[in-house]
1. Scan segment 140-162 for residues that are assigned to a loop (DSSP other than H, G, I, E, B) and either in contact (Cβ under 8 Å) with a residue 40 or more places away in the chain or within 13 Å of the chain's Cα centre (by Cα) (or both) and jot them down.
2. I'm told Asp160 meets every condition in (1) modelled with pLDDT of 95 or more; (2) surrounded by fewer than 18 Cβ atoms within 10 Å (Cβ to Cβ) except one. Can you identify the failing condition by its number?
3. Residues that are free of Cβ contacts under 8 Å to residues at least 24 places away in the same chain, more than 30 Å from Glu236 (Cα to Cα) and more than 19 Å from the chain's Cα centre (by Cα): does segment 61-70 have at least one?
4. Within the group Asn179, Asn94, which residue is outside the structural domain of Gln319 (by TED's automatic domain parsing) and either out of contact with any Cys (no Cβ under 8 Å at 6 or more places or on another chain) or among the small types (Gly, Ala, Ser) (or both)?
5. Taking the condition of being surrounded by fewer than 19 Cβ atoms within 10 Å (Cβ to Cβ) and modelled with pLDDT of 95 or more, how many residues in segment 182-207 meet it?
6. Do we have Arg299 as crowded, with 16+ Cβ neighbours inside 10 Å and assigned by TED's automatic domain parsing to the domain that holds Gly222 here?
7. Of the conditions (1) modelled with pLDDT under 95; (2) within 28 Å of Asn179 (Cα to Cα); (3) of a type outside the set (Lys, Arg); (4) crowded, with 18+ Cβ neighbours inside 10 Å, Val221 fails just one. Which one is it?
8. State whether the residues of segment 38-48 include one that is modelled with pLDDT of 85 or more, assigned by TED's automatic domain parsing to the domain that holds Gln97 and over 18 Å from the mean Cα position of the chain (by Cα).
Amino acid sequence: MEQAASEPSPRTSPGRDASVLADGTPVRLGRYRLVRPISTGGMARVYEARRESLAGVAPRVAVKVILPEHAQHQGFQKLFINEARIGSLLAHQNLVQIQDFDHQDDRYYLVMEYVEGITLRRAISLCRRHGLPVPLSIVAEIGRQVCDGLHYAHHATAEDGRHLHLVHRDIKPSNLILNPQGVVKLLDFGISRALVTAERPGAVRGTWGYMAPEQAAGGEVGPQADLFGLAAVLYELAALQPLFREKSPDVIRPLLAADEAARRAAALTGPLAPLSGVLVRALQRDPAARFTSAAAMGRALAELVRDPVTARDELVRFQQDLEARARPLKAEGRGPARS
């Protein structure tokens, strides 16, 4: 779910086929009735949906459908199937859960838990718009929770006990959701790397600005690449500006090679200065110089949190405040609160 956007209403208008949404997607996919679009990324669109049953119970779920223009593209199908296969093996409170995967009329769809909340992309945008600094304890608690989820994923095993050597490879603000209970959820394992998945050597996948140097160079990536991406997200949350404002890969690549990421993180000052030490280590050009694991990075972040219970309560209030600030923007037609 790369970005959210204002979508056409899914309700059919007079003269329109009632069996499809305004964007041409069927209203029903298997047991699921699509309600409204939530977000659109480069590969797929996500809908709020209801899972219907004979008992009449219709719990909310999120259904991800490959965009029509990519439906027949084998590369996109492979990424989509990879996300379903990997996601079905993961069960952790900080990872969005995959519940089902199927296809209808050559249209693949993935069913996930529906997460109420706001993405960090939207949170950063709202904080920047309203001039709200993000407290150190909140930045650290968000990072600590993501580290918990990453540590679990990095050590995940297949059903036969084989270590998957899973790496997410696309940690960024739009792939992290903060729910009303103060729980951070990581989603979108569509381009994750596991030994069970073959890939062309030298392929560069991920999002520029959050990519580790070895990833940007098309090299082999390990768990430390995810720690680099998370550190870039935490820097942006703390500074309310991207680690790399530069947009061009040709500009970012040499900056990564010159250890510019760590240098910029070292410049954090004021109340957030204690965070810089954690970020500088996670943003080292050499993967071996970063934290040895997500658990190690999580412990370093936990030291910046006064009390885990208090930090969770602060995170709940932070989320509620942002949701309240997002509602007027949504009413003005500037996009959903979860963008």
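1. Taking segment 140-162 first, the residues assigned to a loop (DSSP other than H, G, I, E, B) are 155-156, 158-162.
Within segment 140-162, Ala156, Ala158, Glu159 meet the criteria.
2. The single condition Asp160 does not satisfy is (1).
3. Checked segment 61-70: at least one residue is free of Cβ contacts under 8 Å to residues at least 24 places away in the same chain, more than 30 Å from Glu236 (Cα to Cα) and more than 19 Å from the chain's Cα centre (by Cα).
4. Working: Asn179 fails: outside the structural domain of Gln319 (by TED's automatic domain parsing).
Testing whether each residue is outside the structural domain of Gln319 (by TED's automatic domain parsing) and either out of contact with any Cys (no Cβ under 8 Å at 6 or more places or on another chain) or among the small types (Gly, Ala, Ser) (or both) leaves just Asn94.
5. 1
6. Details: crowded, with 16+ Cβ neighbours inside 10 Å: no; assigned by TED's automatic domain parsing to the domain that holds Gly222: yes.
Criteria not met by Arg299.
7. (2)
8. Filtering segment 38-48 for residues modelled with pLDDT of 85 or more gives 38-40, 44-48.
Now restrict to residues that are assigned by TED's automatic domain parsing to the domain that holds Gln97: 38-40, 44-48.
Then keep just the ones that are over 18 Å from the mean Cα position of the chain (by Cα); that gives none.
Within segment 38-48 (the criterion being modelled with pLDDT of 85 or more, assigned by TED's automatic domain parsing to the domain that holds Gln97 and over 18 Å from the mean Cα position of the chain (by Cα)), the answer is no, since none of the residues qualifies.
The values are calculated or read from the model by the stated rules, or taken from the named source; none is laboratory data. Fair warning: this is a prediction, and the values are worked out from it, not measured in the lab. All Cβ positions, even for glycine, are placed from backbone atoms using ideal geometry, and neighbour counts span all protein chains on display.
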